[in-house]
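The values are calculated or read from the model by the stated rules, or taken from the named source; none is laboratory data. None of these values were measured; they are calculated from a predicted model. Note: ideal-geometry Cβ built from the backbone for every residue, glycine included; neighbour counts use all protein chains shown. Just the protein is used for accessible areas: all its heavy atoms, side chains included, with ligands, DNA and RNA removed. Shrake-Rupley method; radii C 1.70, N 1.55, O 1.52, S 1.80 Å.
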Amino acid sequence: DKRHMWRCPTCRICENCSGEENWEQMVLCDECDRGFHMYCLKPPLKAIPSDGWRCTDCRQCISCKKTSSNKWYKDHKVCEKCWPLFNKKNFCRMCKKVYK
């Protein structure tokens with residue numbers, strides 16, 4: 001479990017470059033609330049996502065527990081591989097694992 005130092009909104013910095021400037025280019029993780037410049041991410045974001053965003057430390061599929069995917073769904077909680085079955089409601093309501 002990774003722990004990060006909490007910062008109040010006035011003291012927020014980019015976690016990658018430690019820069020305090022360009023707040024309009026800063027995206028906040030919906031899970032841990034840490035800030036990142038969109039241009040400091042790899043790959044860089046072109047716009048602030050309207051459907052939420054999670055940093056790489058917080059991104060994990062609720063079904064397979066995978067932490068990397070080319071594409072994420074359901075507020076960055078379901079990976080590309082699990083999404084087709086998850087979207088068809090083919091998942092356990094308790095543990096969220098998908099099935100065919």
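Worth a mention:
- Cβ-Cβ under 6 Å pairs, at least 6 apart or on other chains, the range 84-100 side at negative phi, far side open to solvent by 100 Å² or more (accessible area, probe 1.4 Å): 90/99
- Per the listing 45, 85, the residue uniquely farther than 18 Å from residue 14 by Cβ, at pLDDT 85 or above and open to solvent by less than 80 Å² (accessible area, probe 1.4 Å) is 85.
- Qualifying residue in the range 18-39 (condition: exposed (fewer than 13 other Cβ atoms within 10 Å of the Cβ) and β-branched (Val, Ile, Thr)): no
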